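Accompanying notes for the structure given below.
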Amino acid sequence: MHKRRQHKELAGCAFQCDICSKTFISKSKLEEHMNTHTGAKPFICDKCGKGFQNDSNRRNHFKNAHKDAKDFFTTHRDKMFACHICEKDFMSDNQRKGHVKRYHSKDDAPVQ
């Protein structure tokens, strides 16, 4: 992962933006990047409805703009995404899928 993130030229980043030629380590990162060109803000804050171009910005906004975020996380567990194996909670389905793939799946098993 370090090699792919820090040494893109060695990792052979195959995902390139058609607009600005920037390269990415995954298709999902390229798709997220495209929001900067289109202006799309598909990541919505559950608390105030503000949109963001990526999930990281949405999470940072939530933690910084909503001082009661810690209480919100503990009282709104129904809005979280739980791992079906260990029941750990995640703020997004992509985070849950990454966790399942990283910690619970065999090499060829599809992520649920």
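The values are calculated or read from the model by the stated rules, or taken from the named source; none is laboratory data. Because the structure is predicted, anything quoted here is derived from the model rather than measured. No Cβ is skipped: glycine too gets one built from the backbone with ideal geometry, and neighbour counts run over all protein chains shown.
Miscellaneous remarks
- Pairs linking a residue in the stretch 44-61 that is touching a residue at least 24 places away in the same chain (Cβ under 8 Å) and within 16 Å of Q95 (Cβ to Cβ) to a residue that is of a type in the set (A, V, I, L, M) and part of a loop (DSSP other than H, G, I, E, B), with Cβ atoms under 7 Å and 6 or more positions apart or on different chains, are R59/M91.
- Taking each residue of the stretch 84-95 that is within 15 Å of I44 (Cα to Cα) and looking for partners that are among the small types (G, A, S) and surrounded by 10 or more Cβ atoms within 10 Å (Cβ to Cβ) with beta-carbon atoms closer than 8 Å, six or more apart or interchain, yields N94/S28.
- Of everything in the stretch 1-32 that is in contact with a strand residue (DSSP E or B) (Cβ under 6 Å, 6 or more places away or on another chain) and of a type outside the set (D, E, K, R), the residue that is modelled with the lowest pLDDT is C13.
- The residues of the stretch 78-112 that are surrounded by 10 or more Cβ atoms within 10 Å (Cβ to Cβ) and at pLDDT below 65, listed by number, are K79, A109, V111, Q112.
- The stretch 14-70 - residue that is of a type in the set (F, W, Y) and more than 14 Å from the chain's Cα centre (by Cα) and, of those, nearest to G98 (Cα to Cα): F24
- Per the listing N57, N64, N35, the residue uniquely modelled with pLDDT under 85 and either on the phi > 0 side of the Ramachandran plot or part of a helix (DSSP H, G or I) (or both) is N64.
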